[in-house]
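Just below is one structure, and these are the notes that go with it.
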Amino acid sequence: MYRRLASPLIGLLAAVLLLANTLLWVPVLVFFALIKLLPFTRLRRLLDPFLVGIAETWIAFNNSWMRHLHRTEWAVEGVEGLQREDWYLVNSNHQCAADIFVLQYLLNRRIPLLKFFIKQELIWMPVMGLAWWALDFPFMRRHSAAYLQRHPEMRAKDQEATRRACAKFALLPTSVTNFMEGTRFTPQKHARQQSPYRHLLKPKAGGVALALDAMGDKFNALLDVTIVYPDGIPGFWTFLGGGMRRVIVRVRRIPIPPELLHGDYGTDPQFRQAFSSWVQQLWLEKDALISQLLAQAR
């Protein structure tokens, strides 16, 4: 029945289900997160799995309406053998809001809850900002190089804030998730950056380097996720309306070089160069993979 509905009706129904699901669970999340603020480590250890369970249930319901309302064809490789008891550093290319739903659809309850690096300003986003805070998502301040030259003390403050956020993840298996491009890919941004990659913006490795420095010994591997929309990148309304017809996803499990698990990306030029070289190689491989997958999908 659902598949015979017109796209606007599917989009409206999906939006209502998403909103209702969110409004149901976020107050519960925030209530227990406030209790977690009490200075008792044991209490935190007891409540964290419960909060994660709430988030995974929220995602599972979203996955359910995606399966029933949408007619998406999924071509996925690389998710076999993942473990919920391990720590993962997850990286993905970033093209649209649907990327987050794709990642959650494929990885929910296969690995620990995905916790994204969030721009600091988004903590004020209605409803979802509270949910991200309750789940200890790391909020990142992004400053330009010119600003950091004028205020070098901010680099150290930002690094320490990120370390504190990541340190909380040592208590419970977590998937620290980052879009290294720092923003969604658009042709305009690609041209403005003069990016050397065909399908990607230039990677920003600082956040990943900080996460590794804070808890590198915990991570089992880097999960490098490549998402391709062969019929075009869907806007959010297109996604809700079932217009995301095909998705191709490849997940590569990549060992993290031991020498990159700890180091000061901000002040150590040699470490920064080594880390940047590793990330650039990942990006060259990802860019080539995207070209290959698009060619095969034609």
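Side notes on the structure shown:
- Packing here is the average count of other Cβ atoms within 10 Å per residue, and on that basis the peptides 30-39, 113-122, highest first, run 113-122, 30-39.
- Beta bridges by DSSP in segment 72-297, antiparallel share as percent, to the nearest 5: 25 percent
- For the chain, the membrane-span-like helices by this rule, meaning whole DSSP H stretches whose C-alpha atoms cover at least 15 Å of axis and whose Kyte-Doolittle mean is -1.0 or above, are 7-36, 41-69, 269-297; this says nothing about an actual membrane.
- If you wrap the tightest convex hull around every Cα atom of segment 72-297 and split its volume per residue, you get 132 Å³.
- Excluding same-chain neighbours fewer than eight residues apart, the aspartates and glutamates reachable from Lys36 by a Cα-Cα span under 16 Å are Asp48, Asp136.
- Distance violations [Cα-Cα > 22 Å] among Lys115/Lys218; Lys168/Lys286; Lys218/Lys286: Lys168/Lys286; Lys218/Lys286
- Put a dot 7 Å past the Cα of Glu80, heading toward its Cβ, do the same for Met125, and the two dots end up 3.5 nm apart.
- Computed about the Cα centre, the dipole magnitude for segment 181-298 is approximately 640 debye when only Lys and Arg (+1) and Asp and Glu (-1) carry charge, each at its Cβ.
- Scaled radius of gyration (Cα, divided by 2.2 N^0.38 Å) that segment 93-141 gives: 1.18
- About its Cα centre, the chain has a charge dipole of approximately 600 debye under the convention of +1 per Lys or Arg Cβ and -1 per Asp or Glu Cβ, with nothing else charged.
- Summing Lys and Arg as +1 and Asp and Glu as -1 over all other residues whose Cβ lies under 12 Å from the Cβ of Arg198 gives a net charge of 0.
- Taking a sphere under 15 Å around the Cβ of Trp58 and counting the other residues whose Cβ falls inside, with K and R at +1 and D and E at -1, yields a net charge of +1.
- Using the rule -39500 (n - 2.57) for each DSSP H run of four or more residues, divided by the residues of the chain, the 222 nm mean residue ellipticity is -16000 deg cm²/dmol.
Where a number appears in this text, it was derived from the coordinates with a stated rule and is not lab data. The structure presented is a predicted model; accordingly, all values stated were derived computationally and were not measured. Neighbour counts run over all protein chains shown; Cβ positions are idealised from the backbone, glycine included.
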